[in-house]
1. For the stretch B:83-131, name all the residues that are part of a helix (DSSP H, G or I), among the charged types (D, E, K, R) and modelled with pLDDT of 95 or more.
2. Could you tell me which of the residues A:Gly126, A:Gly118, A:Gly104 is of a type in the set (Gly, Ala, Ser), touching an Asp or Glu at 6+ places or on another chain (Cβ under 7 Å) and assigned to a loop (DSSP other than H, G, I, E, B)?
3. Name the residues in the stretch A:350-385 that are touching a strand residue (DSSP E or B) at 6+ places or on another chain (Cβ under 7 Å), touching a residue at least 24 places away in the same chain (Cβ under 8 Å) and under 15 Å from A:Tyr321 (Cβ atoms), would you?
4. Kindly indicate which of A:Tyr376, A:Tyr369 is within 30 Å of A:Arg58 (Cα to Cα) and either crowded, with 24+ Cβ neighbours inside 10 Å or of a type in the set (Phe, Trp, Tyr) (or both).
5. Kindly indicate whether any position in the stretch A:139-158 is surrounded by fewer than 15 Cβ atoms within 10 Å (Cβ to Cβ), modelled with pLDDT of 95 or more and within 26 Å of A:Arg58 (Cα to Cα).
6. If A:Gly428 passes every condition in (1) at pLDDT 95 or above; (2) more than 7 Å from chain B (Cβ to nearest Cβ) but one, which one does it miss?
7. So in the stretch B:88-121, with the set limited to residues that are touching a Gly at 6+ places or on another chain (Cβ under 9 Å) and more than 13 Å from chain A (Cβ to nearest Cβ), which one is surrounded by the most Cβ atoms within 10 Å (Cβ to Cβ)?
8. Do the conditions hold for A:Ala346, that is, is it under 24 Å from A:Asn60 (Cα atoms), in contact (Cβ under 8 Å) with a residue 12 or more places away in the chain and in the same structural domain as A:Thr76 (by TED's automatic domain parsing)?
Amino acid sequence: MSQSRQFSRRQWLTTVGKATAAGAALMLAPTYARGAAGKVVVVGGGFGGATAAKYIKRRNPAIEVTLIEPAKTYYTCPFTNLYFGGLRTFEQQGHGFDELRSLGVNVVHDFASGVDTGAKTVSLAGGQTLPYDRLLLSPGIDFRWNALEGYDEAASKLAPHAWKAGEQTRILKQQLEAMPDGGTFLMVAPANPFRCPPGPYERVSMVAHYLKHNKPKSKILILDAKDAFSKQGLFQAGWDRFYGDLIEWVPLSKDGKVVRVDAANLSVETEFGEIHKADVLNVIPPQKAGAIAEIAGVTNESGWVPVKALTFESELVSDIYVVGDATIASPMPKSGFSANAQAKVAAAAIVSSLAGNPPAIASFANTCYSLIAPDYGISVAATYQIEDGKIVEASGGVSPADADDTFRKLEAEYGVAWYQAIAQDSWGTRA
Amino acid sequence: MRYLATTLLKNEKLMHIARTALGAAALLGALAAPGLAAADQPIFDAKVLAAACANCHGTDGRSPGSIPSIAGRPEAILKQQLQAFKSDTPPAGTTVMNRLAKGLSDQQIDALAQHFSQISRSSSAQEVAKQ
């Protein structure tokens with residue numbers, strides 16, 4: 001498709017060349033010193049990066065696309081909660097990059113450590129330097145170590161966040177399995193904004209499912225730095241129904257904000273000085289855009305990345321596009337779904353921009369499914385469009401409060417089907 | 001550059017060539033260098049609109065799971081279904097599609113119905129068709 005279009009354009013330019021001054025016609029085609037169709041470097045192989053690389057290649061295979069991702073198998077954070085619930089294996093969240101390679105994407109397993117925005121190059125930890133015409137960053141999140149006193153990387157080995165999938169996920173799962181019946185699973189939930197707004201509450205649901213069937217005398221305590229959370233009414237109704245008083249949620253206004261973590265003693269201290277002791281301590285700390293965004297100079301004082309809503313090009317540095325959790329894209333949530341949706345808009349914008357064409361009208365969707373019990377799913381869904389240069393919600397809402405069990409079961413099934421679809425759409429893998 | 005574009009567009013013969021080869025919109029695109037005002041005006045692209053469906057319905061609308069595939073279904077049915085989701089009385093068993101379709105204009109619904117109806121149901125069928 002794109003090849004024939006390229007050919008048509010060349011034919012057309014030739015025709016124009018004959019009809020007018022040949023020199024003038026040649027001026028019309030955008031040219032790149034580094035390659036005929038342009039070079040794109042994509043940093044990050046998650047939902048955003050993998051999708052962007054795929055959709056750039058699908059639109060114009062002549063563009064050289066290099067994807068930088070340290071992991072040979074990328075493990076998604078979405079659906080790891082079902083692993084804690086004992087409903088999935090860890091490996092089921094793993095995705096490779098074979099489809100991207102088959103599309104002609106140059107997949108480099110290395111770590112992007114520097115960006116020279118003047119020379120337009122990306123440097124890798126392995127020593128390579130890659131030139132780009134357009135750079136797309138999908139770096140996800142990093143943690144603000146010590147923003148929560150006592151919680152740094154060393155502390156996270158004892159009190160895991162498990163908010164990036166991998167070793168952290170396994171540590172939390174092992175701790176949960178080793179926890180005695182009658183123990184306390186304590187979650188420290190962050191203030192907004194953070195990756196995956198319903199995630200902490202789905203995790204608690206899945207941990208509760210595991211405890212109910214394996215360690216029924218145990219308790220879950222959520223200490224929350226906010227007073228409201230995503231799909232709150234639906235979660236709380238589901239908790240009441242399935243887990244009774246196993247789960248206790250303490251909001252900000254009831255001294256839920258944790259200000260100090262003592263990982264060695266598995267204890268935390270709240271704003272008003274109450275000490276809570278845990279058997280398993282899951283701290284989801286304050287977050288910011290992944291490090292490479294800061295290195296590239298695309299973050300602002302908030303630590304996140306302001307972007308142009310129409311294209312997801314950085315507001316601060318031209319020819320750098322940023323998608324996913326790292327961006328300021330509210331009202332879109334920081335979700336894998338949003339990253340995938342933004343990546344397709346950015347991919348189209350990059351292809352258009354390299355060809356000297358205007359960008360397409362952007363449109364986005366997001367659906368986040370959460371599982372409260374094995375056959376009991378809930379969702380929040382929305383579409384987004386651009387108005388006056390800003391992303392606005394065009395439609396949306398959460399599952400009805402009065403839905404019957406058939407509806408909840410269907411949403412549980414659709415949650416799994418969604419994961420299969422987005423895994424296929426992003427990495428081309430069967431999940 | 002802009003003057004040149006205007007001159008070219010005024011030339012009827014060239015316009016004809018442009019229409020047959022690429023279409024008038026693409027001609028404008030090809031002429032607009034990055035940085036010109038014309039390059040900032042977004043254009044409608046059904047593929048960008050449709051890509052938002054793939055997150056759940058699979059790439060090109062071919063679903064790998066229990067969410068229905070939408071590739072290669074008749075245009076009239078897709079249109080009717082989306083309009084039903086958008087209405088205040090969505091079909092029984094609707095879960096998220098009413099919440100999503102409410103945000104679509106009638107023109108977007110038409111474009112999506114046309115787009116997915118023109119994609120073959122399976123990628124292998126597409127390959128066979130090409131041979």
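The values are calculated or read from the model by the stated rules, or taken from the named source; none is laboratory data. Since we're looking at a predicted model, the values are computed, not measured. Glycine also receives a Cβ, built like all others from the backbone with ideal geometry; neighbour counts cover every protein chain displayed.
1. B:Lys86, B:Arg99, B:Asp106, B:Asp110
2. Being of a type in the set (Gly, Ala, Ser), touching an Asp or Glu at 6+ places or on another chain (Cβ under 7 Å) and assigned to a loop (DSSP other than H, G, I, E, B) holds for just one of A:Gly126, A:Gly118, A:Gly104, which is A:Gly126.
3. A:Ile350, A:Ser353, A:Leu354, A:Ala362, A:Phe364
4. One residue alone meets the criteria, A:Tyr369.
5. Within the stretch A:139-158 (the criterion being surrounded by fewer than 15 Cβ atoms within 10 Å (Cβ to Cβ), modelled with pLDDT of 95 or more and within 26 Å of A:Arg58 (Cα to Cα)), the answer is no, since none of the residues qualifies.
6. (1)
7. B:Phe116
8. When the stated conditions are applied, A:Ala346 passes them.
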